[in-house]
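This report concerns only the one structure given below.
The values are calculated or read from the model by the stated rules, or taken from the named source; none is laboratory data. Remember, predicted model here, so these are calculated numbers, not experimental data. Neighbour counts are summed over all protein chains in view; Cβ atoms, including those assigned to glycine, are modelled from backbone coordinates with ideal geometry.
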Amino acid sequence: MQPKEEPLAQRKAPESSDGDLKVVPARPASTVVLLRDGPEGLETLLLKRNKALLFAGGYWVFPGGALEASDWEQAGGDEERATRIAAAREAEEESGLKPAPDAMVLISHWTTPVVEPKRFSTWIYAAPVAAHAQVTIDGSEIHASRWLPVAQAVREHDAGELGVLPPTYITLCDIARYASVEELLRVERSRPPQAVFPRFCHGNGEVFVMFRGDAGYESGDGNRDGARHRAVLEDKRWRYVYEGVDAEFPCLIGPESP
C-alpha cells in the first residue's frame, strides 16, 4: 500500500462523467472488523443482515452503521473520535460485543460510488475482542452471526456460499495475509490507512467497480485498454482483479502490500 496523499477527511470522491447525475451526499459512518485468534489463525465476526432491509439486506457484514447525534456529542464534534464511538456502539447493538474505541486501528476509509442512491463515508477499523466473548444478536436487523477464519470466509465467498459487498470482500482479502491479531494490529498501526473511492461501471456484459490505478478509473470508461484494478461481479460473487497497475497508484491488495 502507498501512503495516503492527504488527510482522509479532505479526500474527495471522483466526479461523475455524467453532468446530469445528482450526487447524494455521503453520510459519515463507521465499521469495525472484530478479531480474535483461533485454531486456524485469524478469525473475524460476520453478521447476516435481515433480507427485508433496504440496504445490504441478506448480506454478511461487519458490525457498523451511520453516525448518530449522540456519537458526535460524546466526541465533542471530532469526526474521527465520533466514528470510533459509533463503531463501538454499533458493535454492541448488533453483536453484544463492545470493543474499546481507543484500541481500534483505522485500516481504510471507503466512500460509496457517486451513482448510488444511498451513500456513506465509512471509516473501517479493526479491533480485538476476548477469545470467548459471547455474541448476542437481536434477530431483527441481524439474523445470524458467524466467527470465521478470514481465509475461510474468502474461500466461501469465492465459492458463492457467502454473500458480501465489495468493501467487506476486499477487506477480508486484505487482512487474510495476517496470521494473528497481534500481527495485524502492529502492521496496520505502522502505515497510513487507505482511502478508497470505488467507481461503479458496466461494460462487455460485466458489472464491476473500479479502483484507483485501473485504466478506466478517471474517465469512467471501463472498457479502456490498460491496467485493471477492479472487483467484477460474477454470478453473485466478486472477483478481485489487480493486473498491470503502476506502482505509483495506491492499491488495496497487491504486489507492494506487506
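In segment 236-252, the residues that are at negative phi form Cβ pairs under 7 Å with partners that are of a type in the set (Asp, Glu) and modelled with pLDDT of 80 or more, at six or more places apart or across chains, as follows: ARG237/ASP158; LEU252/ASP174.
Among the residues making up segment 69-83, a single one is in a loop (DSSP other than H, G, I, E, B) and buried (at least 18 other Cβ atoms within 10 Å of the Cβ): ALA75.
Residue pairs whose Cβ atoms lie under 9 Å apart, sitting 6 or more positions apart in sequence or on different chains, and linking a residue in segment 31-52 that is at positive phi to a partner that is crowded, with 22+ Cβ neighbours inside 10 Å, are GLY41/VAL150. Just so you know, in segment 152-169 the residues that are touching a Lys or Arg at 6+ places or on another chain (Cβ under 7 Å) and crowded, with 16+ Cβ neighbours inside 10 Å include one that is farthest from TYR125 (Cα to Cα), and it is ASP158.
In a helix (DSSP H, G or I) and either at pLDDT below 95 or in contact with a helix residue (DSSP H, G or I) (Cβ under 6 Å, 6 or more places away or on another chain) (or both), is that true of ASP174? For ASP174, the condition - in a helix (DSSP H, G or I) and either at pLDDT below 95 or in contact with a helix residue (DSSP H, G or I) (Cβ under 6 Å, 6 or more places away or on another chain) (or both) - is met.
Within segment 60-83, if we keep just the residues that are among the polar types (S, T, N, Q) and over 20 Å from the mean Cα position of the chain (by Cα), the residue that is nearest to PRO28 (Cα to Cα) turns out to be SER70. Give the residues of segment 219-241 that are surrounded by 14 or more Cβ atoms within 10 Å (Cβ to Cβ) and either touching a Pro at 6+ places or on another chain (Cβ under 7 Å) or in a strand (DSSP E or B) (or both), sorted by residue number. Across segment 219-241, the qualifying residues are ARG228, HIS229, ARG230, ALA231, VAL232, LEU233, ARG237, TRP238, ARG239, TYR240, VAL241.
The set of residues in segment 66-95 being out of contact with any Ser or Thr (no Cβ under 7 Å at 6 or more places or on another chain), among the hydrophobic types (A, V, I, L, M, F, W, C) and under 17 Å from SER108 (Cα atoms) consists of ALA66, ALA82, ILE85, ALA88.
GLY160 satisfies every condition listed in (1) part of a strand (DSSP E or B); (2) at positive phi except (1). Of all residues in segment 113-136, exactly one satisfies the criterion of being surrounded by fewer than 16 Cβ atoms within 10 Å (Cβ to Cβ) and closer than 16 Å to GLY64 by Cβ, namely LYS118. Taken together, LEU172, LEU148 contain a single residue that is under 18 Å from the mean Cα position of the chain (by Cα), in the same structural domain as LEU106 (by TED's automatic domain parsing), surrounded by 14 or more Cβ atoms within 10 Å (Cβ to Cβ) and closer than 19 Å to HIS109 by Cα, which is LEU172. For LYS118, the conditions (1) closer than 24 Å to PHE197 by Cβ; (2) free of Cβ contacts under 8 Å to residues at least 12 places away in the same chain are fulfilled apart from (2). All of PRO39, PRO63 fail the test of being in contact with a strand residue (DSSP E or B) (Cβ under 8 Å, 6 or more places away or on another chain) and either modelled with pLDDT of 85 or more or basic (Lys, Arg) (or both), apart from PRO63.
Taken together, the criteria exclude PRO101 from residues that are buried (at least 19 other Cβ atoms within 10 Å of the Cβ) and closer than 18 Å to ARG49 by Cα.
Got at least one residue in segment 245-256 being surrounded by fewer than 17 Cβ atoms within 10 Å (Cβ to Cβ) and either assigned to a strand (DSSP E or B) or at pLDDT 90 or above (or both)? No. In the set HIS132, HIS143, only one residue is out of contact with any His (no Cβ under 8 Å at 6 or more places or on another chain) and assigned to a strand (DSSP E or B); that residue is HIS143.
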